[in-house]
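Worksheet for the structure shown next.
The values are calculated or read from the model by the stated rules, or taken from the named source; none is laboratory data. Here the structure is a predicted model, which is why all the values come from computation and not from measurement. Because the Cβ atoms are built from the backbone with ideal geometry, glycine has one as well, and the counts that use them run over all protein chains shown.
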Amino acid sequence: MGKWTRRGLIAAGVLTGGAFAVGVGIREGHRAPRLAGMVAGEGETLVNVWVKLAQDNTITAIVPHSEMGQGVFTAMAQMLAEEMDADWEHVTFEQAPAHEAYANYPLGKGYLLGDIRVPGLVADSLNGGMLRVAQNMSLQITGGSTAVRFTGQTGMRVAGAAAREMLVRAAAREWGAPAAEIRTEKSHLFHDASGRTAPYATFAAAAGAMSPPVQPRLKSREQYALMGQSAKRLDIPAKVDGSAVFAIDVDLPDMAYAAVAGPPVFGARVTRLDDAAAKAMPGVREVINEGDFVAVVADGYWRAEQAIAALDIAWTQTGRETLGQDAIYAQFRTDMARAVETGQEQRDVRSGDARGAAAAASQRVEAEYSVPYLAHAAMEPINAVAHVKDGKVDLWIGHQNPLGARDAIAKALGYDRHAITVHTCFLGGGFGRKSEADYPIMAVRIAQRFNHPVKMIWSREQDIRQDFYRPATTARVIAGLSEDNMPVSWDYQFVHKNDPVEATHIPYAIENQFIHFAETENPIRFGPWRSVDHTQHGFFIESFIDELAHAAQQDPVAFRRTLLVDKPRHIAVLDAVAEMSGWGRPMPDQRGLGVALVESFGTIVAEIVEVDASGAVPRVVNVWAAADAGFVVNPDGFTAQIESAVIYGLTAALYGNISVENGAVVQSNFHDYPMLRMDDAPAIAVRIINSDANFGGGGEPGTPPAAPALANAIFAAKGQRIRALPLAGGGRLA
Amino acid sequence: MATLTVNGEARTVDVDPQMPLLWAIREHLKLPGTKFGCGIAQCGACTVHLNGAPVRACSVPLSAADGGEVTTIEGVAGQDGALHAVQQAWIDVQVPQCGYCQSGQIMSAVALLRDKPNPTDADIDAAMRGNICRCGAYGRIRAAIKAAASQTPSRAAGGSNHG
Ligand code: FES
Ligand code: FES
C-alpha cells in the first residue's frame, strides 16, 4: 500500500439514524494515469469512498464510479468487505452521488459526516483545489481502468480495515477485553475467551465516537477470503427482469420528449430552418433552434423524431464540405513526410541512432499502417433527462464522469455548480463516449426553456454521427535486422499523440529506437475509445513485430520471447497463451494462428486468434487470452471483461469503419456500421495469471491485442499482410 | 385507440396507430424494460413477443398489434415472481454486462427454447443473430441458453407465462 497514509485521510462518524460511516479521501500520487485534455494538468487526484454500517448490520459500499457493465460495484464491495470481514450476504452498494461529498470537505461534512474534524492540511487542499480536484476526479470516476487499481486499493480496502479496527476497539472497551483477543467474522465480533459475541451494529455508535486509526492494517494476499473469489455481480438480478434503470428509462411527471439534429459537418451552424411541417404535427410542442443543433420537443419521442425528419435545415459552410476520407489519409502522409524531410519530428522516445543502424543493417523492413475513425456505439444511445426549475437543475444521466458533467454544465450555462444535481443511472455501455460533456449540456439547454422535465434521446443515427471518434491514424515503421536476424533499430512515426503516453512504446529490447510523431490536423472530433491510443498502436506495433519475425524467419512467439529482456511477466502470459492455443500445431489450409501481446493500464494481455480465412470475410474461430493484472479481485468478472474487450476489438478489426465524405460522417446505424453478432462470435478462453505485481485494469486491456492477433493469423493462414482496417466492408481483404 | 393484452392484462392505448409498438410500450404502458437501440430492426434491443412470436417492437406499428397479446421482459417471470428458467440461467452464467441489450436477448432466447427445447448451435445462431450485444456477451448467452435448456426443459419449453 506504500504511500497512502501520507496521501490519504480517514474520517468517521455516526449518521442520522445511527449508521456508522467511515470515509477515506485519497490523494493519488504522480503515477495516476492522465488523459490529456480531460485533466487540467499535472496534479494530484482525490477520490473519496465511504462505507456505511446500518443498524440492521447491513454494510453499504458507496462507490464513486459508474456501472457500465464492468462489475465495478461488485469488485469495490468485495474489496471493502474483505478488509471489514463482512458478511457478504449482507453487503450492498450505492452509487455515490455526483456531489462534493465525494470531492470536497465542506459539503461532505454537511452531507454525510456531521461535525467530524478533518486535519487542516487536507481540508485546505480540498477547498482550494476544488476545481482541479473535481476535474481530476472526473477522470478517475470511470475511465482508464482505474477503479480497482486506485479506488479499490487505496480507498475501499482502507475504509473497510479502518471500520473493522474501530469496531474491535469499541467492543474491547465494552467487554473489558484486549483488542488483540477479539476476532471478526461475517460482520460479527467474537471474544472467544469470554464467549461473547455481537453483530457489528451493536458497536456502531461507540465506534463512531472514536478517532479513526492512522494506518489500519490491511490483509496480506494469503488472508484474502473474498478477494480473488468470483462473487456474483450485485447488479445482475435487475438486468434480467427489466428493472434496472438506465437514464433512458427515467419517467417523471409532466415529462416531454426531445429529439435532436446536429450539424452533418462538425462546427456548422443553422442558417435557415423551415419547421412548418414539423409544427403542424399533433403532439409537437416546440421546435428549438439552438444554432449548433435543432431540437423538437413533443409529447412522445416517436413524434419528436418524426418532426425532426420533417425539418428543412440549412447549415453554414465550414470550409470542410468537400473533405473526404482519402484526403484525410493523404494529409497524414504529407505531414509525416514533411516532418521527416524538415527534421520536424516530434520526439517521443529516442535511444541510440535508429536511422544510422537501419542504414547499416543487413535487412531493412518497412511498412505503413492505418486505421479509420471508430464510433463507440454503446447499446444505449445517448440520452439524458433534465429538469430546470427556479434556477436549479436536476439531471438524470448515465455518465462516466458525472461530477465533470455537472461542472461542465455550470461553466457552459452559467449555473452555480451547487445548483445542479446529477442523478447517475446505470450506463447501457460507455466505452469512453459517455465521458464527454456535450450531451448533458444539450439536455439542459433544451430543458431550461420549459418548467417541466424533458427527456432528450438521440436517434442511433445521431449517436453514430455526433460521436467523439477513435481518431483515424497512420503509422510508418522502419526496422533494421542484423546478420543474425535480430532487430537493431526501430523507427516508428505516427500522427496524433494522445494518451496514455506509453501506448506508443514497445516492450521489446531493440537498441536503437526513434519513436516520433508528426503534427497534423485531425478534422473530425475525437475522444477516448476503449483502451484509447492502445487500440491503434497495439495494432501497428504488434503487426509489425510479426512482420519482423517473418523477415527474420523466426516463429512469432519465439521471436517476441527473445526480445522480452527482463520482462518475466510478459513472457509468462505469452507462454501461457501459446500453451492454451496449442501454438505450433499443424493447421489446415486457410487456417492460421496469430499472436499479439500488449500491456495497457497496468495489465499485460497476450491473445492468440485462430482464423478461418477461406471466405470473403475471415471468420474468427477461437481466441485464447492470458492476462496478468497483478491480482484479480473477481476472476469471473475479469474474465467477462476480457471476453467483452476481445469482441470489441474484433468488431473494430472486422467491420469498424467511420468514414468522412463531403465533410460528414457517412455511416448512420447498425446496417452500415455493423457489429459482430452471435453467429460470428468466436469461442474465447481466458487464463488469469496472478503475479502479485501492482493491480492492473480490467475493462480495457483485452481490446488492443485482438486486431493484431487477427491480422497476424490471416498472414499465417494465407500469407496476406493486413496493414489497414477494417477487414470487411472496406474491400481491403482481397 | 388500440386494445392489447400486455403481460396477461387488458390495456388500451389511445395514440396514433402508426406509433411503433416500442414507444407505446415504453411511454404509454410504462414498461421501460423493453429497450430502444436502433429503431430499424437491426439490433433486437426492443424484442417482445406478439402473439407468441418474437418481434422487433421498434418496427411494428401499434395498429398491427391491435387485439393481440404482447409479452415484455416484465412479463417473463411467473406470476408468483419466480424467474423464468432463462432468467435464472442468465444469473447463473453471469451473462449481463451493461445489461442494456439483455431484455431483448432474453425475449429471443425464451422464444427459441419454447420452439426448440434442445437447440443446436446453429439454432442458437439463427435465433440470436438479430440481437446485438455491444458488450460482447455472446459466449455467455450461448452457454446460458444451453444451461436453461438442460435444466428444466419443460419449464423453458413452456415459454413466457403470458405469451
Ligand atoms: S430498436 Fe428495434 S431492433 Fe433495434
Ligand atoms: S450487456 Fe451491454 S450490450 Fe449486451
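Restricting attention to the range B:79-122, the residues that are in contact with a helix residue (DSSP H, G or I) (Cβ under 7 Å, 6 or more places away or on another chain) and not hydrophobic (A, V, I, L, M, F, W, C) total 16.
Count of the range B:125-138 residues, restricted to those that are facing another protein chain (nearest Cβ under 7 Å), more than 14 Å from residue B:41 (Cα to Cα) and more than 12 Å from ligand 2 (Cβ to nearest atom), is 1.
This table checks each residue for (1) at pLDDT 95 or above; (2) buried (at least 24 other Cβ atoms within 10 Å of the Cβ); (3) within 9 Å of chain A (Cβ to nearest Cβ); (4) touching a Ser or Thr at 6+ places or on another chain (Cβ under 8 Å).
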| position | (1), (2), (3), (4) |
| --- | --- |
| B:57 | yes, yes, no, yes |
| B:66 | yes, no, no, yes |
| B:73 | yes, yes, yes, yes |
| B:80 | no, no, no, no |
| B:88 | yes, no, yes, no |
| B:97 | yes, yes, yes, yes |
| B:103 | yes, yes, yes, yes |
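Might you check whether a residue that is within 16 Å of ligand 1 (Cβ to nearest atom), polar (S, T, N, Q) and in contact with a strand residue (DSSP E or B) (Cβ under 7 Å, 6 or more places away or on another chain) occurs anywhere in the range B:23-34? The answer is yes, given that some residue of the range B:23-34 is within 16 Å of ligand 1 (Cβ to nearest atom), polar (S, T, N, Q) and in contact with a strand residue (DSSP E or B) (Cβ under 7 Å, 6 or more places away or on another chain). A search for C-beta distances below 7 Å between a residue of the range A:335-364 that is in the same structural domain as residue A:518 (by TED's automatic domain parsing) and modelled with pLDDT of 95 or more and any residue that is exposed (fewer than 12 other Cβ atoms within 10 Å of the Cβ) and not in a strand (DSSP E or B), counting only pairs 6+ apart in sequence or on different chains, returns A:362/A:483. Of all residues in the range A:654-711, those satisfying the criterion of being among the aromatic types (Phe, Trp, Tyr) and out of contact with any Cys (no Cβ under 8 Å at 6 or more places or on another chain) are A:655, A:673, A:695. For the range A:202-246, a residue qualifies if it is over 32 Å from the mean Cα position of the chain (by Cα) and within 11 Å of chain B (Cβ to nearest Cβ), but none of them does.
None of A:482, A:489 is buried (at least 24 other Cβ atoms within 10 Å of the Cβ) and either under 27 Å from residue A:521 (Cβ atoms) or in contact (Cβ under 8 Å) with a residue 40 or more places away in the chain (or both) except A:489.
Assessment of the range B:27-36 against the conditions (farther than 23 Å from residue B:115 by Cα, assigned to a loop (DSSP other than H, G, I, E, B), touching a Pro at 6+ places or on another chain (Cβ under 9 Å) and facing chain A (nearest Cβ under 9 Å)) yields at least one matching residue.
For (1) surrounded by 20 or more Cβ atoms within 10 Å (Cβ to Cβ); (2) in contact with a strand residue (DSSP E or B) (Cβ under 7 Å, 6 or more places away or on another chain); (3) more than 28 Å from residue A:505 (Cα to Cα), each residue gets a yes or a no:
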| site | (1), (2), (3) |
| --- | --- |
| A:286 | no, yes, yes |
| A:307 | yes, yes, yes |
| A:313 | no, yes, yes |
| A:322 | no, no, yes |
| A:330 | no, no, no |
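Scanning the range A:66-122 for residues that are under 24 Å from residue A:166 (Cα atoms), modelled with pLDDT of 50 or more and aromatic (Phe, Trp, Tyr) yields A:88, A:93. Considering the range A:422-464, the residues that are part of a loop (DSSP other than H, G, I, E, B) and within 16 Å of ligand 2 (Cβ to nearest atom) include one that is nearest to the other protein chains (Cβ to nearest Cβ), namely A:428.
Considering the range A:668-682, the residues that are free of Cβ contacts under 8 Å to residues at least 24 places away in the same chain and more than 16 Å from residue B:126 (Cα to Cα) include one that is nearest to the other protein chains (Cβ to nearest Cβ), namely A:671.
Results for (1) under 19 Å from residue A:262 (Cβ atoms); (2) more than 34 Å from the chain's Cα centre (by Cα); (3) among the aliphatic types (A, V, I, L, M), shown as yes or no for each residue.
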site	(1), (2), (3)
A:283	no, yes, no
A:301	yes, no, no
A:308	yes, no, yes
A:314	yes, yes, yes
A:328	no, no, yes
A:331	no, no, no
A:341	no, yes, no
A:360	no, yes, yes
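If you filter the range A:641-667 down to residues that are of a type in the set (Gly, Ala, Ser) and surrounded by fewer than 24 Cβ atoms within 10 Å (Cβ to Cβ), you find that the one that is farthest from the other protein chains (Cβ to nearest Cβ) is A:663. With respect to the conditions (1) assigned to a strand (DSSP E or B); (2) over 27 Å from residue A:379 (Cα atoms), residue A:297 falls short on a single one, namely (2). Residue count for the range B:80-112 satisfying the condition of being part of a loop (DSSP other than H, G, I, E, B), farther than 13 Å from residue B:144 by Cβ and more than 16 Å from ligand 2 (Cβ to nearest atom): 3.
Counting the residues of the range A:514-538 that are crowded, with 24+ Cβ neighbours inside 10 Å and touching a Gly at 6+ places or on another chain (Cβ under 9 Å) gives 7. Of everything listed in (1) surrounded by fewer than 24 Cβ atoms within 10 Å (Cβ to Cβ); (2) in the same structural domain as residue A:489 (by TED's automatic domain parsing), the single unmet condition for residue A:416 is (2). Of the listed requirements (1) within 16 Å of ligand 2 (Cβ to nearest atom); (2) surrounded by fewer than 24 Cβ atoms within 10 Å (Cβ to Cβ); (3) of a type in the set (D, E, K, R), residue B:30 misses just one: (1). Put simply, of A:219, A:232, A:239 the only residue that is charged (D, E, K, R) and crowded, with 21+ Cβ neighbours inside 10 Å is A:239. Per this entry, residue A:572 is not counted among residues that are surrounded by fewer than 24 Cβ atoms within 10 Å (Cβ to Cβ) and outside any helix (DSSP H, G or I).
Take the conditions β-branched (Val, Ile, Thr) and more than 14 Å from ligand 1 (Cβ to nearest atom) and apply them to residue B:76. Does it pass? So residue B:76 passes the test.
Residues checked against (1) at pLDDT below 95; (2) more than 23 Å from the chain's Cα centre (by Cα):
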site: A:667; (1), (2): no, yes
site: A:672; (1), (2): no, yes
site: A:676; (1), (2): no, no
site: A:679; (1), (2): no, yes
site: A:688; (1), (2): no, no
site: A:700; (1), (2): yes, no
site: A:708; (1), (2): no, no
site: A:717; (1), (2): no, yes
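Candidates A:258, A:231, A:244: the one that is of a type outside the set (Lys, Arg), touching a residue at least 60 places away in the same chain (Cβ under 8 Å) and assigned to a strand (DSSP E or B) is A:258. Selection over the range B:1-26 of residues that are part of a strand (DSSP E or B) and either at pLDDT below 95 or more than 10 Å from every other protein chain (Cβ to nearest Cβ) (or both) gives a count of 10.
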